[in-house]
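Presented below is the structure to which this report refers.
The values are calculated or read from the model by the stated rules, or taken from the named source; none is laboratory data. Keep in mind the model is a prediction, meaning the values are calculated, not measured. All Cβ positions, glycine included, derive from the backbone under ideal geometry; neighbour counts span all protein chains shown. All accessible areas refer to the heavy atoms of the entire protein, side chains included, with ligands and DNA or RNA removed. Shrake-Rupley method; radii C 1.70, N 1.55, O 1.52, S 1.80 Å.
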Amino acid sequence: MQSIKVADYLNHRPVTFSVEMRVESAVEKLLQSGQPGGPVIDTNKRVVGFLSEQDCLRKMLEATYQNESHSVVGDVMTANPVCVKPEDSIVQIADKMTVNKPKLYPVIDDDGRLLGVISRANVLLALDKHLHDTYLSGHRYV
């Protein structure tokens, strides 16, 4: 089971954001993508933060009360987010996801550049597929 790797199940085309993007534009991207958040990257595709629906909701609510918004992603993102590597085990990521808040982790290379993201749904798919394959192979001999 430890042999199931993040690289085999990550989303290679996640929605991403830049630090200077307006929060309203980021919200539109989130809503169109269906992702609960996404990595914030610099011009070299290095992950510099993470923007979640919750971050946006908080800022949009504040803007509603003030009847204006001048915020950019850099104002509301989480800096230095938890990231994973493509060679990491799906089981280890699943363990992290049961106790930590993020529903989605950026997947980075050794230089911190974004390769994709892995979500709870991706992890569930990997575990389900492995368990299904294990069940089928175990019952071939019965």
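At Q32 and R120, where each label point lies 7 Å from the Cα along Cα→Cβ, what is the point-to-point distance in nanometres?
2.6 nm
Convert 25 °C to kelvin, take the viscosity as 0.890 mPa s, use the Kirkwood radius over C-alpha pairs of segment 31-104 as Rh, and evaluate the Stokes-Einstein diffusion coefficient in µm²/s, rounded to a whole number.
175 µm²/s
Of all the C-alpha pairs in segment 87-136, what % are more than 18 Å from each other?
Beyond 18 Å sits 36 percent of the P(r) for segment 87-136.
How much accessible area per residue does the chain have, in Å², with a 1.4 Å probe?
Here the per-residue accessible area is 61 Å².
Let me have the 222 nm mean residue ellipticity of the chain computed from DSSP H runs of 4+ only, each contributing -39500 (n - 2.57), with the sum over all residues rounded to the nearest 500.
Calculated at 222 nm, the ellipticity per residue is -13000 deg cm²/dmol.
Sorted from largest down, give the three principal axis spans of the alpha carbons of segment 1-68, whole angstrom values.
Cα extents, longest axis first: 51, 27, 18 Å.
If we restrict to alpha carbons, what Rg and Dmax does the chain come to, in Å?
Every Cα atom of the chain included, Rg and Dmax give 17.6, 68 Å.
Can you give the net charge of the other residues whose Cβ lies under 12 Å from the Cβ of G116, counting K and R as +1 and D and E as -1?
+2
Could you look at segment 1-81 and say what percent of its accessible area is carbon and sulfur, using a 1.4 Å probe and all protein chains?
49 percent
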